[in-house]
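Each remark here refers to the structure printed beneath this line.
Every number here is computed from the coordinates shown, using simple stated rules; none is lab data. Computed from a prediction, not measured in an experiment: that's the story for all the values here. Methodologically, a virtual Cβ is constructed for each residue, glycine included, from the backbone with ideal geometry; neighbour enumeration extends over all protein chains shown.
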Amino acid sequence: MIAQFTGSDGQTYRTQTELARGGEGIILTVAGRTDVVVKRYLDGQATPERAAKLRAMLADPPRDEMRERFKHASITWPLAMLHEGRRFAGFLMPRIDGGSSLLNAYNPRAREFLGLDWSGQHHVAKNLCTALHALHLKGYVMGDVNQRNILVTARGLVTLVDTDSFQVRAGRTLYRCPVGVPEYTPRELQGQRFDQVDRTPEHDRFGLVVLLFQLLMDGYHAVPAVERLTGPLDRPRREGIEPRRRGGGGWAAAAGRRAGPRPGVRLRARPRRTAPRAGQRGQGGRGQPA
């Protein structure tokens with residue numbers, strides 16, 4: 001798709017081909033540039049609220065430690081707002097080549113093609129924590145924490161994407177994250193409308209714990225809140241999560257269904273320094289949300 005945009009940085013950007021398309025916009029390549037791409041919003045999506053949110057994000061970006069050390073963007077943070085004529089149309093962001101969904105880092109079969117060994121999985125886990133922590137230090141909340149919004153490379157580097165959906169606070173104005181995935185959402189937010197909820201870093205950390213557990217335990221979910229689970233990549237039920245009354249910190253499925261033990265990776269199959277922590281999976285924070 002050939003189009004021309006004027007950036008808030010004073011530069012002109014000419015797009016060429018379409019890389020991807022979603023419900024909100026199109027990702028386009030930029031002529032003469034291999035380091036950036038354009039997200040052009042579809043009709044009706046380039047709202048004044050989105051423009052104000054992007055201005056706030058551009059004014060206060062998080063520190064990207066991976067970009068400083070490895071020349072790799074760990075967060076596809078907006079680089080400039082884009083206009084077609086006088087109309088706000090989208091934004092410029094870093095281009096990530098060679099990245100695939102985090103799912104491929106914990107799916108045992110897909111992981112072989114990615115070339116990640118046990119040490120590589122640890123690097124992914126550490127880098128994911130670092131990227132999310134950088135957001136929280138600036139007061140941002142990812143909100144929609146899930147494997148589809150995280151890319152991983154064969155080097156173990158990660159990238160948080162879909163940044164324009166993050167929760168952003170600008171003065172007294174809060175731009176909420178309107179979306180989320182039940183499997184990575186803490187109990188206190190289950191069943192609520194995300195566009196009406198103020199999220200916190202603790203909510204992000206719940207999703208992070210689930211992702212880390214999946215990453216280190218071959219895709220098994222950290223919270224056995226399912227009616228049945230036949231394999232490590234099966235999706236839990238979406239009716240919500242309810243605490244189990246018996247058992248140390250266990251969980252059970254909603255609607256009165258019993259959720260007993262299910263197949264999983266034996267802890268002795270993991271290194272000693274990891275196995276005990278895999279069993280804890282956040283048990284020490286019972287008195288705090290998420």
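At a glance:
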quantity	calculated
Added length on full extension, which subtracts the Cα-Cα distance from 0.36 nm per residue, ASP60 to VAL181	40.8 nm
Charge dipole (region 1-148, unit charges on Cβ, about Cα centre) - positive-most of LEU28, ALA46, CYS129	ALA46
Quotient of C-alpha Rg and 2.2 N^0.38 Å, computed over region 136-195	1.24
Which of MET1, MET217 has the fewest Cβ neighbours within 10 Å, and the rest in rising order	MET1, MET217
Part-to-part distance (alpha-carbon centres) for region 1-67 and region 113-145, which is given in Å	23 Å
Integer Hz, Karplus 6.51/-1.76/1.60 couplings in order for region 185-198, x for Gly and Pro	10, x, 4, 5, 9, 4, x, 8, 7, 5, 6, 10, 10, 7
Neighbour-count order for MET57, MET66, fewest beta carbons within 10 angstrom listed first	MET66, MET57
Mean Cα-pair separation over length for region 65-222, i.e. relative contact order, pairs under 8 Å, 6 or more apart, %	23 percent
Over region 140-206, relative contact order from alpha-carbon pairs under 8 Å, at least 6 apart, %	36 percent
Protection-proxy order for peptides 12-21, 201-210, 82-91, 124-133, each taking the mean of Cβ atoms within 10 Å per residue, highest first	201-210, 124-133, 82-91, 12-21
Exposure proxy order (Cβ contacts within 10 Å, fewest to most) of ARG40, ARG172	ARG172, ARG40
Sequence ranges 29-36, 184-191, ranked by mean other-Cβ count within 10 angstrom, highest first	184-191, 29-36
